[in-house]
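Just below is one structure, and these are the notes that go with it.
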Amino acid sequence: MLEAVGVSPFDEGVYRAVLSGSQSAVRDLAESAGAGVARTGQALKRLAGLGLVQRVGRGQWEAVSPQSALSALLNRRRSEVETAFAGVETGFADLRRLHRAGQLRSDPGSLVEVLTGREVMMRKIEELSRSVTTHLWTLDKPPYLEQVGQPHFDERNSATTREWAERGVDIRGVYCLESIEPPGRLGTILNLAAAGERSRLLPHLPLKARIVDRRVAVVPLAGGSKDSIVLVHPSGLLDGLMELFEAYWERAEPLLSEGPDVVEGPSEEELVLVRLLHSGYKDQAIARQLGVSVRTATRRVAALMQRLDAGTRFQAGVKARERGWV
């Protein structure tokens, strides 16, 4: 039972014998364990080193409170395991770098993998999603392999995003106007943001990409993601894609506020309206995203401009920024 924390079966038997009495002599413990005095004495020294027993007199031993001693031993063991795993991960990183250097010299073509066919692509993307541990960065634009904006798509992705966020995964997404054009798509993105993704918006993105754990990137080839995708493994090209993501991330505007709440701050709907206006959306497109009539969208935009005391949509964006809304 105690092997997991470094206590051998024989030493555990001696420990149990000590626990059964208030104080125990080595000879009595040896007889109880069915072993020699010397072997039993060595077991007691090992148990003392682990903090489980202590000497109380010449040849006499007693047990330390199991509750405190075993808890301390368990915590120590856990710390040792975590340190060991950290060392293994560092070793893995060194091995990956060594392998990468070897590939660059002997077979540079293996650093880029082309996949074609919807089923093959979906299987690989799902496999990568299950393997996410530290990072998930996305540059998002159509086309999509699945029909976005649908309830089942929304619920499944929000649940997965929430699970990643709880594990401390760095989840970031940069979207463009094309990303939020499909009906219901904006709602999906807002739900992802609520589940833990940090979401930002740009008017335009030149490419679509997903970077997993900074170790592989998925990039569609010409013709869109419905035709074929490329997997980019550790290489200078992957480094470039990661730098490109960071550059677009810095340029993009947060879809929702990423800072602390401000006095008289906007409602969620007002903040979304500001983002859409700033990105150049007209009332008809705003109405489609909010699921309301064009007249209602126009009225809400007018109310927002009145609250901001803005005469034009551009001025509304400037004044929203001055108030710390964006």
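Observations
- Taking region 3-34 as the range and being in contact (Cβ under 8 Å) with a residue 40 or more places away in the chain and under 17 Å from residue 73 (Cα atoms) as the test, the residues that pass are 4, 5, 6, 7, 15, 19.
- Checking 227, 239, 213 one by one, the residue that is on the phi > 0 side of the Ramachandran plot and surrounded by fewer than 17 Cβ atoms within 10 Å (Cβ to Cβ) is 213 and no other.
- Scanning region 184-200 for residues that are touching a helix residue (DSSP H, G or I) at 6+ places or on another chain (Cβ under 6 Å) and in a strand (DSSP E or B) gives a single hit, 199.
- Members of region 269-313 found to be in a helix (DSSP H, G or I) and small (Gly, Ala, Ser), listed by number: 285, 287, 297, 302, 303
- Considering region 158-183, the residues that are in a loop (DSSP other than H, G, I, E, B) and touching a residue at least 40 places away in the same chain (Cβ under 8 Å) include one that is surrounded by the fewest Cβ atoms within 10 Å (Cβ to Cβ), namely 183.
- Residue in region 255-275 that is within 24 Å of residue 220 (Cβ to Cβ), touching a strand residue (DSSP E or B) at 6+ places or on another chain (Cβ under 9 Å) and modelled with pLDDT under 80 present: yes
- Residue satisfying all of: in region 129-157; outside any helix (DSSP H, G or I) and polar (S, T, N, Q); modelled with the lowest pLDDT among these: 150
- Residue selected from region 110-128 under the condition touching a helix residue (DSSP H, G or I) at 6+ places or on another chain (Cβ under 9 Å) and assigned to a helix (DSSP H, G or I), by the criterion farthest from residue 216 (Cα to Cα): 110
- Criterion: modelled with pLDDT of 75 or more and not basic (Lys, Arg) - qualifying residue of 95, 73: 73
Residue-by-condition table, conditions (1) loosely packed, with under 14 Cβ neighbours inside 10 Å; (2) modelled with pLDDT of 85 or more; (3) farther than 19 Å from residue 189 by Cα; (4) of a type in the set (D, E, K, R):
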residue	(1), (2), (3), (4)
277	no, no, no, no
280	yes, no, no, no
285	no, no, no, no
288	no, no, no, yes
314	yes, no, yes, no
317	no, no, yes, no
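- Region 298-319 residues that are free of Cβ contacts under 8 Å to residues at least 40 places away in the same chain and closer than 16 Å to residue 283 by Cβ, paired with ones that are of a type outside the set (S, T, N, Q) and assigned to a helix (DSSP H, G or I) (beta carbon under 6 Å, 6 or more apart): 298/283; 304/270; 304/273; 305/316; 310/316; 310/319; 313/277
- Residue within region 47-57 that is in a helix (DSSP H, G or I) and either surrounded by 12 or more Cβ atoms within 10 Å (Cβ to Cβ) or modelled with pLDDT under 80 (or both) present: yes
The values are calculated or read from the model by the stated rules, or taken from the named source; none is laboratory data. All of these numbers come straight from a predicted model, not from anything done at the bench. Methodologically, a virtual Cβ is constructed for each residue, glycine included, from the backbone with ideal geometry; neighbour enumeration extends over all protein chains shown.
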